Every structure is written in C-alpha cells, then in structure tokens.
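Working notes, beginning with the structure itself.
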Amino acid sequence: MSQPALLPTIVRTPLLIAAALLAARALHGVLATARGQALAGQCRSRRIITERQQAQQQSHSQLRELSAALQTIREEERSHISRELHDDLGQLLATLRMDLSLLRQEAPGSLSADALLHNMDQLLLTAIASLRRIAGNLRPRALDEGGLYFALHGLRHDFVQRHAIVCELLAVEEELVLDDSHSTAIFRIVQEALTNIARHAQAGHVRLRLRREDGALLITIEDDGRGIADEDMDKAASFGLIGMRERVWAVHGDIVIGSDGSRGTRIDIRMPLPARAGPPQ
Ligand SMILES: Nc1ncnc2c1ncn2[C@@H]1O[C@H](COP(=O)(O)OP(=O)(O)O)[C@@H](O)[C@H]1O
Ligand SMILES: [Mg+2]
C-alpha cells in the first residue's frame with residue numbers, strides 16, 4: 001500500500017481535511033462527553049456533599065434533642081426522688097417528732113404514753129419500708145444480692161401482686177449472669193415496660209422472654225393489651241420509651257417497639273454481649 005505522503009496533493013488534501021474533520025468531531029465528542037461527565041460528576045459530588053451536610057445537620061439536631069431529653073429525664077428523676085423523700089419520709093419524721101413532744105408531756109407508763117409509743121413504733125416501721133423502697137428505686141438491691149435473674153423474678157412478682165395481671169418470665173439463670181452495665185440496663189428496660197403495661201395497656205397477660213443467641217441476648221416483652229399506636233411513640237412529654245431506646249443503644253443493641261398486627265404491644269431487643277459481659281454460653 002502506498003504511503004499517504006506519496007499520494008498526489010490533490011488527493012491527499014481532501015483526505016486530510018476529511019480525516020481532520022473526523023478527528024475534530026471525535027475529539028469534540030470526547031471532550032463534550034468528558035465535560036458532560038465532569039459536570040455531571042461535579043453535580044453529583046455537590047449533591048452528595050449537600051446530602052452529607054444535611055444528614056450531619058440532622059444528626060446534630062437529633063443529638064441535641066436527645067441530650068435535652070436526657071437532661072429532662074434526669075431532672076424528672078431527681079424531682080420524683082425529692083418528692084418521695086419529702087412527702088413520704090419527711091412527713092413520717094415530722095409526725096414522729098410531734099409524737100415525741102406529746103410523749104414528753106405524758107406520765108411514763110400511762111395508757112396514753114403507751115398508745116403514743118405504739119404509734120411511733122408503727123411510724124418507724126413505715127419509715128424503714130419507705131426508705132428501702134426509695135433506695136431500691138435508686139439502685140435495685142436485688143441486682144447486687146442475687147443477680148439479674150433474681151431481680152427480674154422480683155419485678156415479675158411485684159407486678160403480679162400489684163396489678164393482678166398474669167406475667168410469665170421465660171429465662172435461664174446461667175444465661176443472665178452479665179456485667180453490671182448490661183444487668184442494670186435490662187432491669188430498667190423491663191421495669192419501664194411493665195410500668196407501661198400497667199399504666200396504658202389494659203392487658204391480661206404478659207410474657208417476658210430472655211435468651212442468648214450468637215453472642216447476643218434476645219429480649220422480648222409482649223402484652224395482649226390495646227396495642228401501641230405510632231403517634232404514642234412520639235409523645236413529646238413521654239420519656240419512658242426514649243429512655244428504653246437510649247439504654248439499648250448505649251450498649252450497641254437494637255430495639256423494635258410496635259404492635260404485631262393482632263393485639264397487644266411487643267418489644268424486641270437484641271443486645272450484643274461482649275465476652276466480658278458474662279460467662280461462656
Ligand atoms: N404496653 C403498652 N400498651 C399500650 N400503649 C403503650 C404501651 N407502652 C407505651 N404505650 C404508649 O406509649 C406512650 C409513651 O410511653 P412512655 O414513653 O413510657 O411515656 P409515659 O408512660 O410517661 O406516657 C404512652 O403514653 C402510651 O400511650
Ligand atoms: Mg412510661
């Protein structure tokens with residue numbers, strides 16, 4: 001085949017022009033595609049950055065709301081404890097003091113002195129029981145004395161006694177030997193769930209199930225009451241469910257709260273257990 005340089009100029013020129021035109025068109029196409037891709041890329045990355053910024057702003061505002069909610073929970077707990085101390089123990093001690101000053105005016109051994117002493121003894125017994133209850137609410141003694149399994153049985157027993165609602169606890173003691181942070185979280189979650197059932201559910205039957213699976217603890221709390229509506233879970237002044245979620249997330253777990261279609265409310269929790277959270281399964 002002849003070399004292009006050897007072709008007559010008259011033939012070469014249109015060929016060169018055609019080649020140049022084709023090359024120019026191709027180059028234009030490549031450039032346009034590249035420019036288009038660059039522009040699209042810019043738009044895409046701008047969009048990704050905007051979405052990322054929006055997600056960051058959203059998570060910042062959620063964190064702010066959460067920390068505000070936690071502050072409120074803490075304050076509510078403090079005012080609740082202070083009310084209990086004031087109304088309960090404060091009243092009892094004030095009455096005891098009055099009885100003591102009345103006793104001073106009575107002749108020792110008289111009938112009215114005996115009656116006052118008996119009354120004071122009853123007041124002291126009530127004060128001791130109140131103190132135990134308030135201290136127990138601050139830190140469940142059962143957790144320290146017998147561990148989580150024992151403490152949950154105590155919760156179940158009190159719940160059945162106070163509300164006459166059937167409550168089953170399905171758990172194996174050895175699987176509930178956990179570290180303090182996990183035990184306390186689970187105890188408080190079950191406590192709040194039972195309080196909610198007593199207050200809101202109108203249930204006749206409750207089932208608590210706790211079992212280990214694949215290095216995690218699976219907890220299910222079910223009732224057969226009126227069920228929980230989506231809007232119930234977003235009530236501004238309700239911190240029970242928020243606190244429950246917060247406790248689960250604090251130990252890197254997942255929680256799903258909802259009504260399972262038929263009747264009642266069901267809470268499912270999956271709590272991963274680090275090796276140090278408890279003995280081998
Ligand atoms: N087991 C349940 N059955 C029916 N409704 C429930 C149940 N648990 C919670 N709720 C609803 O969810 C709301 C939010 O609960 P919570 O955050 O614990 O707040 P609180 O108990 O102070 O109202 C409750 O007010 C109630 O309407
Ligand atoms: Mg509640």
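Bear in mind that the values in this text are calculations on the coordinates, not laboratory data. In this text the structure is predicted, and so the values were computed from the model without any measurement. Glycine also receives a Cβ, built like all others from the backbone with ideal geometry; neighbour counts cover every protein chain displayed.
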FRET efficiency for Ser110 and Arg188, using Cβ-Cβ distance with R0 set to 51 Å, rounded to 0.05: 0.50
Report the label-to-label distance for Thr126 and Asp158 in nanometres (one decimal), using points 7 Å from each Cα along the Cα→Cβ vector. 2.0
Under 12 Å, Cβ to Cβ, from Leu218 - net charge with Lys/Arg +1 and Asp/Glu -1: -1
Separation of the Ala229 and His80 label points, Cα + 7 Å toward Cβ, nm: 2.5
Report the net charge of residues surrounding Asp99, where surrounding means a beta-carbon distance below 13 angstrom and charges are Lys +1, Arg +1, Asp -1, Glu -1. -1
With label points set 7 Å from each Cα along the Cα-to-Cβ direction at Ser59 and Ser101, the distance between them in nm comes to 6.2
Can you sort Val251, Val172 so the residue with the fewest Cβ neighbours within 10 Å comes first? Val172, Val251
So the FRET efficiency between Arg199 and Ile48, C-beta based with R0 = 45 Å and rounded to 0.05, is 0.45
Relative exposure of Met120, Met244, judged by other C-beta atoms within 10 Å (fewest first): Met120, Met244
